[in-house]
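Bear in mind these aren't lab numbers, they're just calculated from the coordinates by the rules spelled out. For clarity, every value in this text was computed on a predicted model and none was experimentally measured. No Cβ is skipped: glycine too gets one built from the backbone with ideal geometry, and neighbour counts run over all protein chains shown.
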Amino acid sequence: MTGEREVVAAALIRDGRLLLAQRTRPPELAGLWELPGGKVEPGETPAAAVRRELREELGVEVTAGERIGADVPLHDGLVLRAYRAELVDGTPQALEHAALRWVDARELGEIALVDNDRGWVPELVALLGA
Ligand code: DCM
């Protein structure tokens, strides 16, 4: 073991709406919604990982901003962290997800999120200006 590895998740907000992505895998998470993201590669900064993952998953260019919410411990020494992101170029496409949705604060409270992302809802609602 070489210590903690980070998984980044991006809170991409535009016009009072947050972008959510619907998972296709594994079967127990398929159909649930998440903040898009993924594992930070060795030697990569979290901000670079946010940019790379959103390029790969959504086909967009973003800048990564401040962290939001609490750390979420995952399996195998991974820790999940959320960062704000700003769209710089492109329109998000579901390149690796089943679907995408821009949700407002009310919709965020009603949609079926993956368990790991649920603790961030109060901070996200505040950012959306409920
Ligand atoms: N993950 C999560 N919430 C997110 C993004 C990722 O819980 N918003 C978890 C799912 C996996 C791990 O992080 O356990 C790696 O993500 P992926 O399977 O998408 O590479």
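With K and R counted +1 and D and E -1, the other residues having a Cβ less than 14 Å from that of residue 119 yield a net charge of -2. Phi-derived couplings, Karplus 6.51 cos²θ - 1.76 cosθ + 1.60 at θ = phi - 60°, listed residue by residue for the range 116-125: 4, 8, 5, x, 7, 4, x, 5, 5, 4 Hz, with x used for Gly and Pro.
Enumerate the residues in the range 36-61 having an amide nitrogen under 11 Å from the point lying 7 Å beyond the Cα of residue 89 toward its Cβ. Label zone hits: 60-61. In order along the range 35-48, phi translates into HN-Hα couplings of 6, x, x, x, 6, 6, 7, x, x, 9, 7, x, 5, 5 Hz, rounded to whole numbers, per the Karplus curve 6.51 cos²θ - 1.76 cosθ + 1.60 with θ = phi - 60° and x for Gly and Pro. Once a ≥ b ≥ c are taken as the square roots of the eigenvalues of the Cα gyration tensor of the range 1-78, is the result rounded (a/c under 1.5), prolate (a/b larger than b/c) or oblate (a/b not larger than b/c)? Taking the square roots of the gyration eigenvalues as a ≥ b ≥ c, the range 1-78 is oblate.
Across the range 13-24, computed HN-Hα scalar couplings (Karplus, 6.51 cos²θ - 1.76 cosθ + 1.60, θ = phi - 60°) run 10, 8, 6, x, 10, 9, 7, 10, 10, 9, 6, 9 Hz from first to last residue, x flagging Gly and Pro. For the chain, which longest stretch is free of loop sites, where a loop site is one of the GluC sites (Glu not before Pro) that DSSP puts outside H, G, I, E and B and that has at most 13 other Cβ atoms within 10 Å? After excluding every exposed loop site, the longest remaining stretch is 29-130. A convex hull fitted around the alpha carbon atoms of the chain yields 100 Å³ per residue.
Give the shape of the range 65-130 as rounded, prolate or oblate, defined through the alpha-carbon gyration tensor: a ≥ b ≥ c are the square roots of its eigenvalues, a/c under 1.5 means rounded, and otherwise the shape is prolate if a/b is larger than b/c and oblate if not. Rounded, because the longest to shortest axis ratio a/c is under 1.5.
DSSP beta bridges confined to the chain are antiparallel in about 70 percent of cases. Residues whose amide H falls under 5 Å from that of residue 68, counting only those 5 or more places apart or on a different chain, are 82, 83, 84, with hydrogens built in the peptide plane.
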